[in-house]
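Have a look at the structure below, then the notes.
The values are calculated or read from the model by the stated rules, or taken from the named source; none is laboratory data. All figures in this text were calculated on a predicted structure; none of them were measured in a lab. All Cβ positions, even for glycine, are placed from backbone atoms using ideal geometry, and neighbour counts span all protein chains on display. Ligands, DNA and RNA are excluded from the accessible area calculation, which covers all protein heavy atoms including side chains. Shrake-Rupley method; radii C 1.70, N 1.55, O 1.52, S 1.80 Å.
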Amino acid sequence: MAAGLGQVPVAIVGDLNTTIEESASLRDACRNGWTDAAAAAASKSAQEPPPTCWAGAAGTRIDLCFLNECASQALVDARTADPQQYDIPTHCPLFVTLDMRTAATPKRTHWIPAPFPRKAPLKNPEEEKGALEAALRQKRAVGGAEAILRNASAVEAIEGSQREAVAALKRQRTRRWKDRVQRAWNSTDRGDVYRFLAGSQESPSIFLRRQDGTLTACPKEIDEMLRGPEAWGGIFQRYTRTEEPQWEAFKAHYARYLPAPQQMECKKIGAADVRAALKKMKKTTSPGLHASVRRSGSATGDDSKADHV
């Protein structure tokens, strides 16, 4: 299929779930003009490409990028990312850089995926403290800021508590994200992870129109508006504010639509009627909570389901 495209750059990239050494097809591809981008880039520095998958104790290189002859001429670099920098379970991203200006052929451009989720860098507390002190000194130099110096410790404490709250929230969100990705990755359908990396999932924004015509996206306000007396609350709890309708008025208005009542015929039930009903029951049928039934033994040859009630 790639050969049918002509002299154009072609790259085959993916998690192939096998190494080149274990696949005869991949070895044949390398012998027939396809270039392993990671191996070619590592060979420039006389090194071996690092593993990309850590499903077991020993890493394997199963995330591969193959370039045809035209694309291999544009190869600039290929590197495996540090797994500590990305919240992706098991696998490490493989980045391949191509200089397409070196390939003098018509090119077809495609959309690029969303960036990998990168961990937020940890801030140096000493640098933050120094920046705060510098800002305080600048305010004092502008004028009338001696009070700021006296309250510097209080300001620093407030700023520190705010930063800690934001950091705790970020850690909580990061932990939830990692747990969600891990559950999705361990499930039978990993489509959610791939769709997120491709940037094809869009979170819908929910808005509700207020009575004055403006819009709100606040979940609490939306919940109150939907539950309020002017929304569903006024329908499902209609009679919490108004008097319930009376049966006499309802009957007088809708009597012509109501079916005429009919007296049910009832007769007394005797033991013979009960035995006749029990004989129609299956052996697996429950006799009921308050019934006392003695099953007849099969040795007697009696097919009745019960002979005593």
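Quick notes on this structure:
- With respect to the conditions (1) modelled with pLDDT of 90 or more; (2) assigned to a helix (DSSP H, G or I); (3) not hydroxyl-bearing (S, T, Y), A71 falls short on a single one, namely (1).
- Within the stretch 180-196, being under 16 Å from A55 (Cα atoms) and part of a helix (DSSP H, G or I) holds for V181, Q182, R183, A184, W185, N186.
- Looking across the stretch 92-103, just one residue is surrounded by fewer than 17 Cβ atoms within 10 Å (Cβ to Cβ) and either touching a Ser or Thr at 6+ places or on another chain (Cβ under 7 Å) or among the aliphatic types (A, V, I, L, M) (or both), and that is M100.
- Among residues of the stretch 11-36 that are touching a residue at least 60 places away in the same chain (Cβ under 8 Å), those with a beta-carbon under 6 Å from a residue that is not in a strand (DSSP E or B) at least six positions away or on a different chain give the pairs A11/A71.
- Number of residues in the stretch 40-54 that are under 21 Å from T90 (Cα atoms) and open to solvent by less than 90 Å² (accessible area, probe 1.4 Å): the value is 5.
- Of the residues G160, G213, G130, G233, the single one that is of a type outside the set (D, E, K, R), modelled with pLDDT of 70 or more, open to solvent by less than 90 Å² (accessible area, probe 1.4 Å) and in a loop (DSSP other than H, G, I, E, B) is G213.
- Residue under evaluation N17, criteria (1) touching a helix residue (DSSP H, G or I) at 6+ places or on another chain (Cβ under 7 Å); (2) open to solvent by 80 Å² or more (accessible area, probe 1.4 Å), criterion not met: (1)
- Matching residues, the stretch 74-104, being over 31 Å from the mean Cα position of the chain (by Cα) and in contact (Cβ under 8 Å) with a residue 60 or more places away in the chain: A74, L98, M100, A103
- When the stretch 20-39 is filtered for residues that are closer than 21 Å to P9 by Cβ and open to solvent by 90 Å² or more (accessible area, probe 1.4 Å), the ones remaining, listed by number, are R31, N32.
- Residue among A58, A24, A11 that alone is under 30 Å from R175 (Cβ atoms) and among the aliphatic types (A, V, I, L, M): A58
- Residue in the stretch 167-190 that is open to solvent by 80 Å² or more (accessible area, probe 1.4 Å), within 31 Å of the chain's Cα centre (by Cα), of a type in the set (V, I, T) and within 30 Å of Y86 (Cβ to Cβ) present: yes
- Hits in the stretch 216-230 (condition: at pLDDT 80 or above and either among the acidic types (D, E) or over 34 Å from the mean Cα position of the chain (by Cα) (or both)): E221, D223, E224
- Flag if A58 is more than 28 Å from W185 (Cα to Cα) and either in a loop (DSSP other than H, G, I, E, B) or free of Cβ contacts under 8 Å to residues at least 60 places away in the same chain (or both): no
- Taken over the stretch 1-39, the criterion of being of a type outside the set (G, A, S) and in a helix (DSSP H, G or I) is satisfied by L5, L26, R27, D28, C30, R31.
- Of all residue pairs spaced 6 or more apart or on separate chains, those with beta-carbon atoms under 7 Å, a first member in the stretch 237-266 that is modelled with pLDDT under 85 and a second member that is surrounded by 10 or more Cβ atoms within 10 Å (Cβ to Cβ) are R241/P229.
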